[in-house]
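The values are calculated or read from the model by the stated rules, or taken from the named source; none is laboratory data. Since this is a predicted model, take the numbers as computed values, not measurements. Every residue, glycine as well, gets a Cβ built from its backbone with ideal geometry; the counts of neighbours run over all protein chains shown.
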Amino acid sequence: MKPVSTTVKTSPIRGSTIEVSSNGRVDPYHSVVAMSWAAYLSLFVAAFLVVNAVFGYLYYVGTNAIGGLASSSYWEYFFFSVQTLATIGYGTKFPQTMYADVLVTVEAMIGLLSMGLFAAIAFARLSIPRSRVIFSKTAVVADFEGVPTLMFRVAHERKNNIIGAEVELSLFIRETSKEGLSMRRIYDLALVRSHNPMLSLTWLIFHPMNEASPLFGHTAQSLAASEFALVATLKGLDETISQTVHANFAYRSSDIRWNHRFQDMFSEDEATGKSSIDLTRIHDIRPVDAS
């Protein structure tokens, strides 16, 4: 029987966790790269201490294995292992038997390999391109060009640009087929503009809820009663590091405000005539009938 493991994933529709059973296979590299820095450094410290504890014990049980020790305490052997693994070699402690020489050879190989692996993974973690794209916490529905339109906005927090930014908006909704089969369907929602040649500040994104939209005819009440999520994804090329960055955000029924619009994020200094933008206001909205 194949081993079964259980992982926990977050559902964008329910906003809850789902247990997923698999065949037990793990991906150590992905797991280490994906963990937090605190967890990664804790893993490094734990591995370093365990390896030295094991080799320190092996030196300790050997007869006259190490010379130049100040005492016969286990900690003398432990710190000799630390010097060997880290290739420090102060010279006061040294192997003096074939048994010790073999252990030092094995530990030196393990040290070179493990230190190289941890350093390579640390570099891989640092080199992963990460976006500083923020999505508005809410989406709004209001008339635009005479058509009910779903709107949300994104902003780039860095001072550089995202070249060729592309946005996709998908509807995840549970439906029942004519045969009575309940399934989760995905619809790609058409946007007024899905491509931005250079995203530097903010971008207001529109989806007309017309006859061609899966959201056509829906109201606040009907959507609230549906099991659905709107998943927005953005990707583009960071002009500084010349690598693709991406970001995503999920909107549920509680995140959609009907008959609201976004507040203006731009302001102008009357004295100097300079314009400025306040990215902290990306989430601010107001009712349609408000001035």
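In segment 228-244, the residues that are under 14 Å from residue 128 (Cα atoms) and touching a residue at least 12 places away in the same chain (Cβ under 8 Å) reach residues that are charged (D, E, K, R) and surrounded by 14 or more Cβ atoms within 10 Å (Cβ to Cβ) with C-beta atoms within less than 9 angstrom, at least six apart or across chains, in these pairs: 238/158; 240/158; 244/235; 244/238. Within segment 267-287, the set of residues being within 24 Å of residue 132 (Cα to Cα) and in contact (Cβ under 8 Å) with a residue 12 or more places away in the chain comprises 277, 278, 279, 281, 282, 283, 284, 285. Scanning segment 175-231 for residues that are modelled with pLDDT of 90 or more, under 29 Å from residue 155 (Cα atoms) and charged (D, E, K, R) gives 188, 193.
Within segment 123-140, track down each residue that is over 23 Å from residue 279 (Cβ atoms) and of a type in the set (Val, Ile, Thr). First the steps, then the outcome.
The initial filter retains those residues of segment 123-140 that are over 23 Å from residue 279 (Cβ atoms), namely 123-128.
128 - this is the single residue of segment 123-140 that is over 23 Å from residue 279 (Cβ atoms) and of a type in the set (Val, Ile, Thr).
Only residues that are modelled with pLDDT of 90 or more and touching a strand residue (DSSP E or B) at 6+ places or on another chain (Cβ under 9 Å) were counted in segment 103-132, giving 2. If the condition is being surrounded by fewer than 17 Cβ atoms within 10 Å (Cβ to Cβ), β-branched (Val, Ile, Thr) and out of contact with any Pro (no Cβ under 8 Å at 6 or more places or on another chain), then segment 195-248 contributes 219, 233, 240.
Residues of segment 128-154 that are among the charged types (D, E, K, R) and farther than 12 Å from residue 209 by Cα: 130, 132, 137, 153. Take the residues in segment 207-248 that are of a type in the set (Ser, Thr, Tyr) and not in a loop (DSSP other than H, G, I, E, B); name whichever of them is nearest to residue 187 (Cα to Cα). Here the residue is 233. Working only within segment 144-186, note down all residues that are of a type in the set (Gly, Ala, Ser) and out of contact with any Gly (no Cβ under 6 Å at 6 or more places or on another chain). Residues satisfying the conditions are 146, 155, 170, 177, 180, 182.
The number of residues in segment 35-50 being closer than 16 Å to residue 117 by Cβ and either aliphatic (A, V, I, L, M) or not in a helix (DSSP H, G or I) (or both) comes to 7. Note on segment 249-291: residues that are among the polar types (S, T, N, Q), assigned to a strand (DSSP E or B) and surrounded by 14 or more Cβ atoms within 10 Å (Cβ to Cβ) total 0.
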